[in-house]
Structure formats: structure tokens, C-alpha cells
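Note sheet for the following structure.
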Amino acid sequence: MTSPSIILAAGGTGGHLYPAEALAQELLERGYQVVIITDRRGAAFQKLGDRVHIDCVRAATFRPGVLSKLRAMWDICIGIMQAARLIKKYKPSVVVGFGGYPSFPTVFAGQRLGYKTILHEQNAVLGKANLWLAGSADVIAASLPIEHDGVIVTGNPVRAGICAVRDKPYPSPAGTLEIFITGGSQAAKVFSEVVPAAVRLLPQEIKSRLHIVHQCREGDMEATAEKYRVAGVRADIRPFFHDMPERYAACHLFIGRSGPSTVAEIAVVGRPAIFVPYWHERLCRSAA
């Protein structure tokens, strides 16, 4: 008997990709066939190997300007048609969307074709894509309590490799002190400006023990490395880290954006953290 298939719709930034990856891992362990429909940035799912079917559809977000909006509408319409063909092909038991504009064509197509749909919202307020789709969704799984019909608070799925870190002891603070810094999927530039300047003010006896692991925009790497050199601190600077479980396990302190996936991961691994909210997040909460 063929096991039932489930379609996961996710793309864009890690905040949407990582919860989808975590659910995909769990579904595979339970014997489901997993289909991931994403956009061109969904290469992160390749690590799941040939255990999942990965398909890409067109997607777009609305930007200022009439031509940009028309182009976005065209891309979305094409994406919906592409997604509809894939849904008819796989005949899933349910379509699960993880928010962000890349998920919209697939979930919208699933709803129009009469398939059950679940939305997962990582943030404290519904994002635009999920808000547009919420009225026809069967269930809205929320990371945090949200005032909307059909909401079930499930928390944020965390990848198995990161969950495993919670069983590892906190590294000894007797020798090197490691600080792990990330700025989210866009490697926020502010961390490259503020953190080296703050570190430079520390007493020399502390700086001599520090090892900074810093995710940094590729264009800012050289300047950031120079700032740490002037501060007299050892630093490992890269545009992206593919070994997040190991980085979490080794760090004594985490500094980063307070995105929902990042907060959930730090809560699971149990490391001290300094979270810096994105200014737009504060505006969203004020509006809510």
C-alpha cells in the first residue's frame, strides 16, 4: 500500500524554510511521502536528499510601481497554475503552508482544488500571505497565541539536529569564551557595526579569551574582520554557517535577531542569548 503524501509549501528566508524542514524530517520518520513545493531559494531542502520530491513554482511579492505589481501578478498566476498541476499529480492528503509569498501559489491552488490546507504562522501576528489564505484554511497552527478563528497553538518546529544539542552540556567557561553571532537570513549589517565596537571596549583579560563566530554579509566580511583585528579579538567570519547544531553547542553566548525560528532554536538548545528585534517586528506588534 502506498503511504499518503503531504505537500509542504515554503520558500524564501530561513524563518519559513527551517520549520518546514523540521516537519518534513518528522513526516519522513513516520512513513509519509513528502513533497516540497518551493521557489528558487528552496535549495536548503536539498539536504533532505532523495527522500523528498522537490518542485519549484513561480512566486513574487508586490513592490512599489505599477509595472512591478503587474509583473508580480503575472508570476503569481503562473505559480498557481504550476502548483495546481503538481497537486493534481501528487494528490496529497493535506497541503501545509509556512507563510511568506513563496507559499501562496501552492496553498491557494490547494484551496481552490478542494484539498485540506493547514497554515503555520511563526510570528506573533499573521503575515500577509497567511492572512490572505486564512479564511479558507482548515487549521492555522501558530507558534504563539493569535486571535483568529481556527488557530491551534503548536509552537515552532525545530530541526532534529538542533534538538539534539539540548542533551549536550554547556561548554566549560574555564578557557576560551565563544560568542556566536547571526543576523538572520539577511545577515543584518548592524551586528557587524555594533558588536566589534562593543567588544573593543572590553578589558584585555576578557578579550584575550574571546573567540567570535560571526555570520556576516559577504560584502562586509573584510571590514568586519579588520574591526575584530583592531579590537584584538580572534574571529571566524563567514556569510553562512552550514553546521548550526555544532555552532550552538560550542557557544557560550548567542547574539542575533529575535526571529521566531531563532528564538525557538535557542530555547531548545539552552544557551544564553541577547536578542535584537527587527524594527519592523516592533511596528507589527504595535499595530496588532
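The numbers here are math on the coordinates, done by the rules we state, and not lab data. The structure displayed is predicted, hence computed values, not measured ones. Here Cβ is always computed from backbone atoms with ideal geometry, including for glycine, and neighbour counts include all displayed protein chains.
A few comments on the model shown:
- Other residues lying with their Cβ under 12 Å from the Cβ of V213 contribute a combined charge of -1, Lys and Arg counting +1, Asp and Glu -1.
- Residue-wise HN-Hα couplings along the range 241-258, as the Karplus relation 6.51 cos²θ - 1.76 cosθ + 1.60 with θ = phi - 60° gives them from phi, are 10, 8, 10, 4, x, 5, 5, 4, 5, 7, 7, 8, 8, 10, 10, x, 5, 8 Hz; Gly and Pro carry x.
- Pairs of alpha carbons in the range 1-120 whose separation is greater than 16 Å (percent): 56 percent
- A full extension of the chain between R40 and S93 corresponds to an added length of 16.6 nm, given 0.36 nm per residue minus the alpha carbon distance.
- Percent RCO, i.e. relative contact order, over the range 163-287, from Cα pairs under 8 Å lying at least 6 residues apart: 32 percent
- Largest first and in whole Å, the equivalent-ellipsoid semi-axes of the chain read 37, 21, 17, each the square root of five times a Cα gyration tensor eigenvalue.
- Sorted peptide list for 121-131, 224-234, criterion being average Cβ within 10 angstrom, highest first: 121-131, 224-234
- Remark on H120: its backbone amide H falls under 5 Å from those of G97, F98, G99, A141, a criterion applied only to residues 5 or more positions apart or on other chains, H modelled at 1.01 Å from N.
- 222 nm mean residue ellipticity, helices alone, for the chain (DSSP H n ≥ 4; -39,500 (n - 2.57); rounded to 500): -11500 deg cm²/dmol
- Remark: the range 66-202 is approximated by an ellipsoid whose semi-axes, taken from the C-alpha gyration tensor as √(5λ), come to 38, 21, 15 Å, largest first.
- A Förster distance of 25 Å, applied to the separation of the beta-carbon atoms of F240 and D167, puts the FRET efficiency at 0.45.
- Added length on full extension, which subtracts the Cα-Cα distance from 0.36 nm per residue, H53 to R200: 48.1 nm
- Relative contact order computed over the chain (Cα-Cα under 8 Å; 6+ residues apart), in percent: 16 percent
- Per-residue Karplus couplings for the range 233-240, computed as 6.51 cos²θ - 1.76 cosθ + 1.60 with θ equal to phi - 60°, are listed in order as 10, 6, 8, 10, 10, 9, x, 7 Hz, Gly and Pro entered as x.
- Within the range 163-287, all pairs of alpha-carbon atoms sorted by distance into 10 Å bins from zero give the percentages 13, 43, 34, 9, 1.
- FRET efficiency for I274 and V139, using Cβ-Cβ distance with R0 set to 30 Å, rounded to 0.05: 0.30
- Computed from the C-beta positions of R209 and T154 and an R0 of 35 Å, the FRET efficiency is 0.30 to the nearest 0.05.
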